[in-house]
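Have a look at the structure below, then the notes.
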Amino acid sequence: MPKQKALIAGATGVVGRNLLKHLLDIGGWEITALSRRKPDLQGAYEHISVDLMDASQCRASLGHLTDVTHIFFAAVTTDALAMAPALVSKNLTLLRNVVETMEPIAADLQHIHFMQGTKWYGSHLGPFKTPAREDDPRHMPPNFYYNQWDYMVERQKGKSWNYSSARPHAISGFAIGNPSNLTMVLAIYATISKELGLPLCHPGTPGNYQALYQCTDSGLLARAMVWMATTPHCANQAFNITNGDLIRWENLWPKIARHFNMEAGARRHISLVKTMADKGSVWEDIVRKHGLRPIAYKDIVLWPYGDFVFTPGYDVVSNLGKLRQFGFHEYVDTEQMFFRLWDDMRREKIIPPVH
Ligand SMILES: NC(=O)c1ccc[n+]([C@@H]2O[C@H](COP(=O)([O-])OP(=O)(O)OC[C@H]3O[C@@H](n4cnc5c(N)ncnc54)[C@H](OP(=O)(O)O)[C@@H]3O)[C@@H](O)[C@H]2O)c1
């Protein structure tokens, strides 16, 4: 196979970190990882600490990367939970700085993969047409995914490289200091509830408990990103990518409680942001008692994402037909995914053993 060199922008995030891990695991790739913080992964890759908002810093730090063949763009501003107007220019700048630094110097550039999500369909705004298809009409902006897509479509014209984009939802996997991570929200919420002697109460709205929901395993996403970036007929396409099954919290919740050896309590809608704000000392006691990795409470979980997931009382469903028609057939069982990820986190001493 000809030499392939990946540049991962946003390598400490839940997308970038797990893509980095995947490329290290499968081998055959030279890898350079970009982020301000250093990823917590060992292995044969170069990390460059760079502020991607700063164009001159990008040019100075990335100028030697002339042999990059594939760019995986998974950087996003940390306040990106909302699709606020101010985020459009910030997130466009992040992408432009990477593309416009690399394109003139990387003579063998073949592909730029960049991330989107179900918010493309306005899933954050209220009930939307489901199952959502890639060619559904856009919602009223702002939505920085639209600006990034339009920029890439224009930029690619007449070029030898092409692009693709993944639209996952509720990406599940391990990452530290990652604001959008349901796996961590559930694990830390359950662990603290148990420490306080409470049953595991679903914190969401009544509609949320019953609505259809979807998740994307970060490993599955990494495999799909590499597939999109290296499969010629995926050029210049966007794909929904979720596990391939659907959940309702009302079905899964008692099983999650059993997994943590807890009783499932009554559903009670609370703001996790407000209710969990003062639980840092409980978490620190748990870390001490079980000899866990000393990750600060503010970094191990970001509660706004919990409220973001558990508030909407409508179905969140993407159509996977296009992904399947183009040839990606992998499936992950969402229940098993959560249990596997939490078992991994116990082995890594992130959360305590079940007792
Ligand atoms: N998480 C989800 O559930 C989800 C769902 C659907 C779609 N998505 C999309 O997937 C993409 C990645 O999301 P994510 O959840 O992986 O994000 P994330 O965990 O917040 O990671 C963001 C990454 O961007 C880097 N970054 C941010 N600002 C930077 C800067 N100025 N300079 C250099 N690096 C910078 C961060 O690194 P440092 O902070 O170390 O610099 C980090 O590695 C986004 O487009 C998001 O909208 C995510």
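Specify which of the listed residues (G313, G306, G280) is within 25 Å of K129 (Cβ to Cβ) and not aromatic (F, W, Y). Outline the logic, then answer.
Numbers: G306 fails: within 25 Å of K129 (Cβ to Cβ); G280 fails: within 25 Å of K129 (Cβ to Cβ).
Answer to the selection: G313.
Can you name the residue in region 125-148 that is over 23 Å from G313 (Cβ atoms) and crowded, with 19+ Cβ neighbours inside 10 Å and is also nearest to the chain's Cα centre (by Cα) among such residues? Taking the candidates together, the pick is Y145. Taking the criterion of being in contact (Cβ under 8 Å) with a residue 40 or more places away in the chain and assigned to a helix (DSSP H, G or I), would at least one residue in region 167-182 satisfy it? Looking through region 167-182, at least one residue is in contact (Cβ under 8 Å) with a residue 40 or more places away in the chain and assigned to a helix (DSSP H, G or I). Here W161 meets each of (1) in the same structural domain as F338 (by TED's automatic domain parsing); (2) in contact with a strand residue (DSSP E or B) (Cβ under 9 Å, 6 or more places away or on another chain); (3) modelled with pLDDT of 95 or more; (4) surrounded by 18 or more Cβ atoms within 10 Å (Cβ to Cβ) with one exception, condition (1). Looking at I26, I31, I8, I48, which is the one that is in contact with a Leu (Cβ under 6 Å, 6 or more places away or on another chain) and either loosely packed, with under 15 Cβ neighbours inside 10 Å or under 20 Å from T216 (Cβ atoms) (or both)? On inspection, the qualifying residue turns out to be I8.
Name the residue that is nearest to the ligand (Cβ to nearest atom), counting only residues in region 97-116 that are over 14 Å from K159 (Cα atoms) and in contact with a Phe, Trp or Tyr (Cβ under 7 Å, 6 or more places away or on another chain).
M115
Scanning region 53-94 for residues that are more than 10 Å from the ligand (Cβ to nearest atom), exposed (fewer than 15 other Cβ atoms within 10 Å of the Cβ) and either within 12 Å of L34 (Cβ to Cβ) or among the hydroxyl-bearing types (S, T, Y) (or both) gives S56, T66, S89. Tallying residues that are β-branched (V, I, T) and under 23 Å from K194 (Cα atoms) within region 235-272 yields 2.
Looking at V287, V309, V282, which is the one that is over 26 Å from N208 (Cβ atoms) and surrounded by 15 or more Cβ atoms within 10 Å (Cβ to Cβ)?
Numbers: V309 fails: over 26 Å from N208 (Cβ atoms); V282 fails: over 26 Å from N208 (Cβ atoms).
So the residue among V287, V309, V282 that is over 26 Å from N208 (Cβ atoms) and surrounded by 15 or more Cβ atoms within 10 Å (Cβ to Cβ) is V287.
Residues in region 1-52 that are of a type in the set (D, E) and either within 14 Å of the ligand (Cβ to nearest atom) or under 16 Å from H111 (Cα atoms) (or both): E30, D40, D51.
State yes or no: is R133 away from the ligand (no atom under 16 Å from the Cβ) and over 30 Å from R258 (Cβ atoms)? Taking the combined requirement at face value, the residue satisfies it.
So that you can scan it fast, the table gives a plain yes or no per residue for (1) over 20 Å from the mean Cα position of the chain (by Cα); (2) over 25 Å from N319 (Cα atoms):
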{"position": "H64", "(1), (2)": "yes, yes"}
{"position": "V68", "(1), (2)": "yes, yes"}
{"position": "L92", "(1), (2)": "no, yes"}
{"position": "V99", "(1), (2)": "yes, yes"}
{"position": "E103", "(1), (2)": "yes, yes"}
{"position": "Q116", "(1), (2)": "no, no"}
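Looking for something among the basic types (K, R), outside the structural domain of R138 (by TED's automatic domain parsing) and surrounded by fewer than 15 Cβ atoms within 10 Å (Cβ to Cβ) - is there at least one such residue anywhere in region 312-324?
Looking only at region 312-324, we keep the residues that are among the basic types (K, R), and these are 322, 324.
Among the residues that remain, those that are also outside the structural domain of R138 (by TED's automatic domain parsing) are: 322, 324.
In the following step, the residues that additionally are surrounded by fewer than 15 Cβ atoms within 10 Å (Cβ to Cβ) were identified as 324.
Checking region 312-324: at least one residue is among the basic types (K, R), outside the structural domain of R138 (by TED's automatic domain parsing) and surrounded by fewer than 15 Cβ atoms within 10 Å (Cβ to Cβ).
The lone criterion from (1) touching a residue at least 24 places away in the same chain (Cβ under 8 Å); (2) in contact with a His (Cβ under 9 Å, 6 or more places away or on another chain) left unmet by G122 is number (1). On the basis of being touching a residue at least 60 places away in the same chain (Cβ under 8 Å), among the hydroxyl-bearing types (S, T, Y) and assigned to a loop (DSSP other than H, G, I, E, B), does T191 make the cut? It is false that T191 is touching a residue at least 60 places away in the same chain (Cβ under 8 Å), among the hydroxyl-bearing types (S, T, Y) and assigned to a loop (DSSP other than H, G, I, E, B).
The values are calculated or read from the model by the stated rules, or taken from the named source; none is laboratory data. Bear in mind that the values here come from a model prediction, so they are computed numbers and not experimental data. Because the Cβ atoms are built from the backbone with ideal geometry, glycine has one as well, and the counts that use them run over all protein chains shown.
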